[in-house]
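> Sharing a structure, written as structure tokens. Questions coming.
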Amino acid sequence: MEGQNILYGNDDDLINVRGLIEARDKVRGEITTLTNEKRRLEKDVVAEEKQLSLNIESTIKKRREQVVSNFDKELDKSQDRLKKVRNERGKEKSKKVAERIKEETADLVNENKNIKEEIKTYFKQKGVPGFMDNGFIYSLYYPRNLKDLIVLVLTFIIGIVAFPSFMAWLFGAKKFLKVFVIIVFIIVSILIYMLGYNYARVRNREAYEDMIPKRSAIRKNKGKIERIKKKIKKDKDEDRYGLHEYDEDIKELEDTIEDIVRRKNDVLADFEKTTKADICEEITNRDMPKIEKIKKQIAEVSLQLKELEQKQKDMSINLSSNYGVYLGEENMTVDRINLLISYIINGQVSNVGEAVNLSKTVANK
């Protein structure tokens, strides 16, 4: 009854409408299936393109590492050798410098040695024991410079303050006992100093004072020795040390390292300019057919979808304009049409219009 009012039709007309609805719903199902298939294919393309990119990236990285590896091994060997030669040169220079210092300070060292022997012999003749002949004794009883004064002050601080306080803490007794211990050890420290004073400043003053010029001479010679050492160490002229072979080896190794670095950079530049593009082309040619195949499937599915969507649109318009306007869109389903058909077959109504009215009445109850 297309183009006529279906409300005056019978169950056969409704069966025809039901067939049209089923056909439309079938097309909708096909559209859903193809839509899902298209989405799956699109995901596959994205995944394959991502994998292609990863394959290119990982292959380029691996090939670059392979190219660089051999150069790095050569570079490491040369750098290790260079480090070794430089260390050997440094040791040889230190040895030669030490020999030069020994040679240029030999007279002063021997002079100090002789002066010490004179002092030792003199003190022995005067009956002064050897342990009383040292810089510490002179600092305590014959201070002559800032260093001696510092030693003297520190000794008094240790003997009068630090040592007694430590002993009091060590005993760890009551307060009055701590005070007693401190006083006792202060007295002991003073007594020890006074005994030394009596020995060095009173009983053997002449001996110590006679040797002060000798000790001053030793100190002056030590100063000269230190100045000679500094001068030698600061001397930039290394020709006298015979280090030419080391310098030649170092220059050769530095040139080798420079050459390795240059060749490595050239190879890497060529890799970036040519090899990298070749790798991209190689992997793309290998994997792209699979991607193109999927894209072709997407295009085919898209075309089918477009045709089905147009078909579904035409069918929906046809149903709506020829039947929906009479039956109501709420009745344009297979289940509702089957219900209307049952009313007519069961004899409850005589035509489609009455079936529609009956369905409304039943729905409102």
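> Give the number of residues within segment 243-282 that are open to solvent by 90 Å² or more (accessible area, probe 1.4 Å), within 28 Å of K61 (Cβ to Cβ) and of a type outside the set (D, E).
Step one: of segment 243-282, the residues open to solvent by 90 Å² or more (accessible area, probe 1.4 Å) are 244-245, 248, 251-252, 258, 262, 273, 281-282.
Okay, now just the ones that are also within 28 Å of K61 (Cβ to Cβ), so 258, 262, 273, 281-282.
Now drop any that are not of a type outside the set (D, E), which leaves 262, 273.
So the answer is 2.
> Moving to a separate point now. Quick one: which residue in R336, R240 is among the basic types (K, R), surrounded by 13 or more Cβ atoms within 10 Å (Cβ to Cβ) and more than 42 Å from the chain's Cα centre (by Cα)? It would help to see each step written out before you state the result.
Working: R240 fails: surrounded by 13 or more Cβ atoms within 10 Å (Cβ to Cβ).
After ruling out the rest, the residue left standing is R336.
> Kindly indicate whether any position in segment 32-52 is more than 30 Å from T284 (Cβ to Cβ), modelled with pLDDT of 90 or more, open to solvent by 70 Å² or more (accessible area, probe 1.4 Å) and not acidic (D, E).
Yes, segment 32-52 contains a residue that is more than 30 Å from T284 (Cβ to Cβ), modelled with pLDDT of 90 or more, open to solvent by 70 Å² or more (accessible area, probe 1.4 Å) and not acidic (D, E).
> Then there is this: Can you tell me which of (1) free of Cβ contacts under 8 Å to residues at least 40 places away in the same chain; (2) closer than 23 Å to E103 by Cα; (3) exposed (fewer than 11 other Cβ atoms within 10 Å of the Cβ) is the one P213 doesn't meet?
(2)
> Test V356 against the criterion of being surrounded by 12 or more Cβ atoms within 10 Å (Cβ to Cβ), part of a loop (DSSP other than H, G, I, E, B) and of a type outside the set (F, W, Y), and give yes or no. Before the answer, list the steps.
Values: surrounded by 12 or more Cβ atoms within 10 Å (Cβ to Cβ): yes; part of a loop (DSSP other than H, G, I, E, B): no; of a type outside the set (F, W, Y): yes.
Answer is no for this residue.
> Here is a follow-up. Would you check if there is a residue in segment 73-92 being of a type in the set (G, A, S) and over 30 Å from F271 (Cβ atoms)?
Of the residues in segment 73-92, the ones of a type in the set (G, A, S) are 78, 90.
Then keep just the ones that are over 30 Å from F271 (Cβ atoms); that gives 90.
There is at least one residue in segment 73-92 that is of a type in the set (G, A, S) and over 30 Å from F271 (Cβ atoms).
> OK, next. Do we find that D255 is under 30 Å from K91 (Cβ atoms), in contact with a Lys or Arg (Cβ under 9 Å, 6 or more places away or on another chain) and either assigned to a loop (DSSP other than H, G, I, E, B) or at pLDDT 90 or above (or both) in this structure? It would help to see each step written out before you state the result.
Details: under 30 Å from K91 (Cβ atoms): yes; in contact with a Lys or Arg (Cβ under 9 Å, 6 or more places away or on another chain): no; either assigned to a loop (DSSP other than H, G, I, E, B) or at pLDDT 90 or above (or both): yes.
No; evaluated as a whole, the condition is false for this residue.
> With (1) over 29 Å from the mean Cα position of the chain (by Cα); (2) surrounded by 15 or more Cβ atoms within 10 Å (Cβ to Cβ); (3) more than 30 Å from Y343 (Cβ to Cβ) as the list, and N55 as the residue in question, which single condition is left unmet?
The single condition N55 does not satisfy is (1).
> Between residues in segment 217-234 that are on the phi < 0 side of the Ramachandran plot and residues that are among the charged types (D, E, K, R) and open to solvent by less than 70 Å² (accessible area, probe 1.4 Å), which pairs lie under 7 Å by C-beta distance while being six or more apart or on different chains?
I232/R100
> Restricting segment 300-333 to residues that are assigned to a helix (DSSP H, G or I) and small (G, A, S), which is least open to solvent (accessible area, probe 1.4 Å)?
Step one: filter segment 300-333 for residues assigned to a helix (DSSP H, G or I), giving 300-327, 329-331.
Filter once more, keeping what is small (G, A, S): 302, 316, 320-321, 324.
Numbers: S302: 37, S316: 28, S320: 46, S321: 65, G324: 6 Å².
Filtering first and then ranking leaves G324.
> Now for a different question. Hey, can you tell me all the residues within segment 216-232 that are closer than 15 Å to N145 by Cα and open to solvent by 90 Å² or more (accessible area, probe 1.4 Å)? Give the derivation first.
Of segment 216-232, the ones closer than 15 Å to N145 by Cα are 216-220, 223.
Within segment 216-232, R219, K220 qualify.
> Kindly indicate whether V27 is in a helix (DSSP H, G or I), within 26 Å of V261 (Cα to Cα) and open to solvent by less than 50 Å² (accessible area, probe 1.4 Å).
It is false that V27 is in a helix (DSSP H, G or I), within 26 Å of V261 (Cα to Cα) and open to solvent by less than 50 Å² (accessible area, probe 1.4 Å).
> Contact list please: Cβ distance under 9 Å, first residue in segment 9-24 and under 14 Å from V349 (Cα atoms) and in a helix (DSSP H, G or I), second residue open to solvent by less than 40 Å² (accessible area, probe 1.4 Å) and aromatic (F, W, Y), pairs at least six apart or on different chains.
Once the first residue is under 14 Å from V349 (Cα atoms) and in a helix (DSSP H, G or I) and sits in segment 9-24, its partners that are open to solvent by less than 40 Å² (accessible area, probe 1.4 Å) and aromatic (F, W, Y) give D11/Y343.
> Out of all the residues in segment 90-105, is one or more open to solvent by 40 Å² or more (accessible area, probe 1.4 Å) and closer than 30 Å to I183 by Cα?
Residues of segment 90-105 that are open to solvent by 40 Å² or more (accessible area, probe 1.4 Å), as a first pass: 91-96, 98-99, 102-104.
If we keep only those that are closer than 30 Å to I183 by Cα too, we end up with none.
Looking for residues that are open to solvent by 40 Å² or more (accessible area, probe 1.4 Å) and closer than 30 Å to I183 by Cα, one finds none in segment 90-105, hence no.
> Being over 30 Å from F71 (Cβ atoms) and not in a helix (DSSP H, G or I) narrows it down to one residue among K220, K296, K236; which is it? Steps first, answer last, please.
Numbers: K220 fails: not in a helix (DSSP H, G or I); K296 fails: not in a helix (DSSP H, G or I).
Answer to the check: K236.
> Give me the helices (runs of 4 or more DSSP H) completely within segment 113-197, filtered to those with at least 2 residues that are over 15 Å from R215 (Cα atoms), open to solvent by less than 60 Å² (accessible area, probe 1.4 Å) and among the β-branched types (V, I, T), ordered by residue number.
On the way: elements: 135-141, 146-157, 163-171, 175-197.
Once the helices (runs of 4 or more DSSP H) in segment 113-197 are filtered for at least 2 residues that are over 15 Å from R215 (Cα atoms), open to solvent by less than 60 Å² (accessible area, probe 1.4 Å) and among the β-branched types (V, I, T), what remains is 146-157, 175-197.
The values are calculated or read from the model by the stated rules, or taken from the named source; none is laboratory data. Model, not experiment: these values are computed from the prediction. Glycine also receives a Cβ, built like all others from the backbone with ideal geometry; neighbour counts cover every protein chain displayed. The accessibility values were calculated without ligands, DNA or RNA, using every heavy atom of the protein model including side chains. Shrake-Rupley method; radii C 1.70, N 1.55, O 1.52, S 1.80 Å.
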